[in-house]
Amino acid sequence: MTVTTAPHAPAGRSVTLLAPLALAGMASQSLLLVLAPSMAAVADDLGVGVPAVGQARTVTAAVALAGALVLLVQVSSLGVRRVAVAGSLLAVASGAAVATAPSYPAYLLAHVLVGLAVAALVTVSFAGIATFAGADRSWAAGWVTAATGSSWIFGNPVAGALTEHLSWRATHAIPALLAVGVLALARHLPGPVALVRGGALRGLLRRRQARAWTVAGTLGNVGWMSVLTYVGGFFVTRLDAGPTQAGWLLALGASFFVATSILGGRSLMARHVRAAAVVSTAVLAAATVLLFSAGLRGPVGAAGLPAGAAAFCLAAAAGGLRIPSSSVLGMAQHPERPDVMMTARTGATQVGYLAGAALSGWVVAALGWVWLGPVLAVVLLASAALMARLPDRSVP
């Protein structure tokens, strides 16, 4: 497929292709975000603790990781369009299954379908970005990341209001509607494409820089996904926010994420900008999660909810810069095989969900909320230290 190489004025075909990719990213995140403002309500309804509800993310991530790795091998023959249609149908089915779950075991089991839907929709957005060339790839990475974050802006207030005034079960209509949008635009996506060539996994394992980026990217995602998993529950159970208020606070943080994603995407092709952005924003995120956790006690604790919300907004702004810059930096570690690094990025994202939900759930249950910030700060700083050692080459 031919695309333009102009960084700020892509051709109409590129914009048409971007729309379903952005919706796929939004739908995949909406399958996850509905848990944040409704976590406490789910726990009350199903008779379990908040950390137990958070483990639904672990189920989702485990299935999504396995599914995404399989799909990345098959997407070249199946085609991006077929994967998008299948993922959208799974998103609708999984929403119905979770919304009608009568018990906690059934609730967890329904998240197997959620994981399959996430795997398909995330694969679509990543595979679509890899079909862009040159500067358009950074442009697409920035906008898809921004669209993914925008689902938090619009989805969280709606999910919070539905939870407070109707039921947490009604929140699952949000990803279903976005999935229908992907179905409506799926005809613009490519069919079978020569995207992921044979030996992608072997190429990843054999290249030292690619392995190092994968480890660093995974650690960064563990820290960020842990924040996203429990930030809503933190606002409600520890800082006395209502579900609707928590939804708006999450949306506020997401607006910072989207803004910095768009701004960052415009400059990611500049050499050395990517590595510096990844390292500095990981360090900033580590500092802000410490402040966020400190909302329980000390000088920051005196401000309570406003201080926690401000810290979350700073962490979200850092994440909006870190994620697209990290993606393009990853491509630079193996510029001849972008499909290899797409495999690495998918694995890093899904392992981040899996390990992040499990780690943060264990910390909250065993050590308490006050330890969540320090633990995640260590993880994010480790990611920054590894990223700082990676070379930043130009991407062809």
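The values are calculated or read from the model by the stated rules, or taken from the named source; none is laboratory data. Treat the numbers as computed from the prediction; the structure is a model and nothing was measured. In this analysis, Cβ positions are derived from the backbone assuming ideal geometry, glycine residues included, and neighbour counts consider all displayed protein chains. In case anyone asks, the SASA skips ligands and DNA or RNA and just uses the protein heavy atoms, side chains included. Shrake-Rupley method; radii C 1.70, N 1.55, O 1.52, S 1.80 Å.
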query = According to a simple spin-label model (label point 7 Å from Cα along Cα-to-Cβ), what is the distance in nm between V378 and V215?
reply = 1.7
task = Quote the FRET efficiency, to the nearest 0.05, computed for H165 versus S103 with a Förster distance R0 of 22 Å and r equal to the Cβ-Cβ distance.
result = 0.35
ask   = How far apart, in nm, are the 7 Å Cα→Cβ label points at L177 and L89?
value = 2.4
inquiry  = Not counting ligands, DNA or RNA, and with a 1.4 Å probe, what is L23's accessible surface area in Å² rounded to the nearest 10?
reply    = 40
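Just order 26-39, 81-94 by mean Cβ neighbour count inside 10 Å, highest at the front, would you? Each step should come with its number before you reach the end.
Values: 26-39: 29.1, 81-94: 22.6.
Most protected by this proxy first, the peptides run 26-39, 81-94.
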ask   = What's the extension gain from A388 to R187 if we count 0.36 nm per residue and subtract their Cα-Cα distance?
value = 68.2 nm
ask   = Whole-Hz Karplus ³J(HN,Hα) for region 115-124, in order, using 6.51 cos²θ - 1.76 cosθ + 1.60 and θ = phi - 60°, x for Gly and Pro?
value = x, 5, 5, 4, 4, 5, 6, 5, 4, 4
task = Rank these by accessible area, largest first, 1.4 Å probe: R238, R322.
result = R238, R322
query = How large is ³J(HN,Hα), in whole Hz, for each residue of region 168-178 in order, when computed from phi with the Karplus curve 6.51 cos²θ - 1.76 cosθ + 1.60 and θ = phi - 60°, using x for Gly and Pro?
reply = 4, 5, 6, 5, 6, 6, 5, x, 5, 5, 5
request  = Based on the mean of other Cβ atoms within 10 Å per residue, sort peptides 177-184, 97-104, 253-260, 111-118 so the most packed one is first.
outcome  = 111-118, 253-260, 177-184, 97-104
